[in-house]
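Everything on this sheet refers to the single structure shown next.
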Amino acid sequence: MLGQLRSFPNLLTLLRLSFIPFIVSSIVEGHYEVALILFVLAGISDALDGVLARSLGQRTKLGEYLDPIADKLLISTLFLVLSATHRIPWRITVVVFSRDIIILVVCTLVYATTPLRDFSPSILGKANTVAQIIALGATILVEVKSWFWMEVVKRVGLWSVFALTIVSALHYVFLLAVRLRAVSQNEGKAPKTA
């Protein structure tokens, strides 16, 4: 485990995690320029760790779990702090958190009670993540430079997040039902031994 932790891509992911308290404190103190720089650096580190893991042959089991956890923690924390500072409506943050909690609970129950182990995100889930990143970036950038077009990007981004969060949650539950049905049919076809 320590060897996996020392791999360069995983160190980049840990660096991204370490940015979170500094981004939060920058937003709370109204230093949006600093928050924006750290947010951009976090995005660059996210892109780099994936590229380096593949190119250096350093893909690890720890990295497979650590990378999405770091992304989710950064995004969730930003939604919370930006809602607390009245930059994002609470209803959007509540919907984002509700989706994540529902998916986490459902996947945990499925993992504990069935042989299903495929919990890969859907295309709508990935689109939702992209929309969240754009909306968060635009929200922070609007506080640095109040350009009209960036305000439009922020509003469109936030409403896209709201819609995609609901649609992707329903789609994910549907996909999970399809995967469960496939698993139960494969179990039914398995040869019985005496």
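Where a number appears in this text, it was derived from the coordinates with a stated rule and is not lab data. These numbers were taken from a predicted model, which means no experiment stands behind them. Don't worry about glycine lacking a Cβ; one is built from the backbone with ideal geometry, like all the others, and counts go over all protein chains shown.
Placing +1 on the Cβ of each Lys and Arg and -1 on the Cβ of each Asp and Glu in the chain, which of ILE27, GLN132, LEU15 has its Cα farthest towards the positive end of the resulting dipole?
It is GLN132, whose Cα lies furthest towards the positive end.
Between LEU14 and LEU80, what is the spin-label point distance in nm, taking each point 7 Å from the Cα along the Cα→C-beta axis?
2.3
Two decimals, Cα atoms only, Kirkwood Rh: what is Rg/Rh over the chain? Let's see the in-between values first.
Details: Rg = 19.3 Å, Rh = 18.5 Å.
In the chain, Rg relative to Rh is 1.04.
Residue separation times 0.36 nm, minus the C-alpha to C-alpha distance between TYR111 and VAL156: what's the value? Intermediate values should be presented prior to the final figure.
Details: separation 45, 0.36 × 45 = 16.20 nm, distance 3.59 nm.
So the extension gain works out to 12.6 nm.
Give me the distance in nm between label points sitting 7 Å out from Cα along the Cα-to-Cβ direction at PHE97 and LEU48, one decimal.
3.2
So what J values fall out for region 121-138 if you push phi through Karplus, 6.51 cos²θ - 1.76 cosθ + 1.60 with θ = phi - 60°, rounded to Hz, Gly and Pro as x?
Karplus-based 3J(HN,Hα) across region 121-138 equals x, 7, 4, 5, x, 5, 4, 4, 4, 4, 4, 5, 5, 5, 4, 5, x, 5 Hz.
Would you mind ranking LEU176, LEU141 by Cβ crowding within 10 Å, fewest neighbours first?
On the way: LEU176 18, LEU141 21.
Least crowded to most crowded, the residues run LEU176, LEU141.
Choose one of ILE92, LEU164, VAL110: the residue whose Cα lies farthest towards the positive end of the charge dipole of the chain (beta-carbon charges +1 Lys, Arg; -1 Asp, Glu; about the Cα centre).
Comparing the listed Cα positions along the dipole, VAL110 ranks first.
Work out, step by step, the length gained on full extension between TYR65 and ALA177: first 0.36 nm times the residue separation, then minus their alpha carbon distance; give nm to one decimal.
Contour length minus Cα-Cα distance gives 38.0 nm.
Which value in deg cm²/dmol, rounded to the nearest 500, describes the helix-derived mean residue ellipticity at 222 nm for the chain, given -39,500 (n - 2.57) per DSSP H run of n ≥ 4 and division by the residue count?
Numbers: 7 runs with 161 residues, N = 194.
Helices in the chain give a 222 nm mean residue ellipticity of -29000 deg cm²/dmol.
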